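Okay, structure first, notes after.
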Amino acid sequence: MTTSNPPAPFTTADRLVLGFARHWLLIFNLFIAVYVGLPFVAPVLMRVGLTGPAKVIYTIYSPLCHQLGYRSWFLFGEASNYPRRIFQQATGIDPNDLWSARNFLGDEQLGFKVAFCQRDVAIYGAMLVVGLIYSVPFVRARLKPLHWMGWVLIGIVPIGLDGFSQLLSQPPLSTVIPLFSVLPQRESDPFLRTLTGSLFGLANVWLAYPYVHESMRDAREELERRLARQ
């Protein structure tokens, strides 16, 4: 006579994993919404005089982004952005003085800086938008993962060309490495930063989310079968 082993108990950890497997997309979208939203809260806080909490946000995001004033969006000022030459004229800050350019938070005339640069806003904003589109069952059921070569062509090549051609042609690299000093100095613009950042964010979600969806579905089905046997 054989006896079957009793099913393993369904633990609290199992329930947490099941909950995550059921709602992973909502969790991802909420996380990205907060992540890309908080940098816009910082200039709002500066505007109403709550500089302390605003500077906390700027400090938290400082290791995650260069925060250069001439590559960032501004709120509540004369313009939404101040390209390199205009930024220098308006602030008196040399754009090559990276420390001062990143520490400039704005003022009442120019407005206050978003705590993410233009490209990062585009990257995570696109990830949020595409993630919300992926939340539609019709899309989720039919969208196949992006091939890795498509990820390279759509996501990596445009942002690499735009970002590295800018990086290598400007100080400090152009002054430290003689090879780069012969390159014509190039500065990207808000449109290209937004376009290439958005393509990168789109490609990341298109590549990763279908695989995550498949893994979470398998985990959910297995855990639900275990729970039903309890």
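What the table shows:
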item	result
Kyte-Doolittle mean at least -0.5 and Cα axial length at least 30 Å: DSSP H helices in the chain	12-47, 190-228
Among Thr194, Thr91, Thr12: highest mean-square fluctuation, GNM of the chain, C-alpha pairs under 10 Å	Thr12
Semi-axis lengths, Å, region 12-228, gyration tensor of Cα atoms, sqrt of 5 times eigenvalues	38, 23, 14
Exposure proxy ranking, count of Cβ atoms within 10 Å, fewest first, for Ile133, Ile93	Ile133, Ile93
Region 195-230-region 71-126 distance, computed between alpha-carbon centres (Å)	36
Percent RCO, i.e. relative contact order, over region 12-228, from Cα pairs under 8 Å lying at least 6 residues apart	25
Dipole axis of the chain (+1 Lys, Arg; -1 Asp, Glu on Cβ), positive-most option in Ala203, Ile159, His66	Ala203
Computed lengthening from Glu187 to Arg229, 0.36 nm per intervening residue step minus Cα-Cα distance	8.9 nm
Principal axis box of region 1-78, alpha-carbon based, largest edge first, Å	84, 24, 20
Selection from Ala122, Leu227, Leu18 lying farthest towards where the dipole of the chain points positive, charges on Cβ	Leu227
Trypsin sites (Lys or Arg not before Pro) restricted to DSSP loop in region 186-230 with at most 15 other C-beta within 10 Å	Arg186, Arg229
For Leu146, residues with placed amide H under 5 Å, excluding near neighbours	Leu207
FRET efficiency, Val139 to Ala79 (Cβ-Cβ, R0 45 Å, nearest 0.05)	0.75
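Here, each number is a calculation from the coordinates, and none is a lab measurement. Keep in mind it's a predicted model, so treat the numbers as computed, not measured. Heads up, the Cβs are rebuilt from the backbone with ideal geometry, glycines too, and the neighbour counts pull from every protein chain shown.
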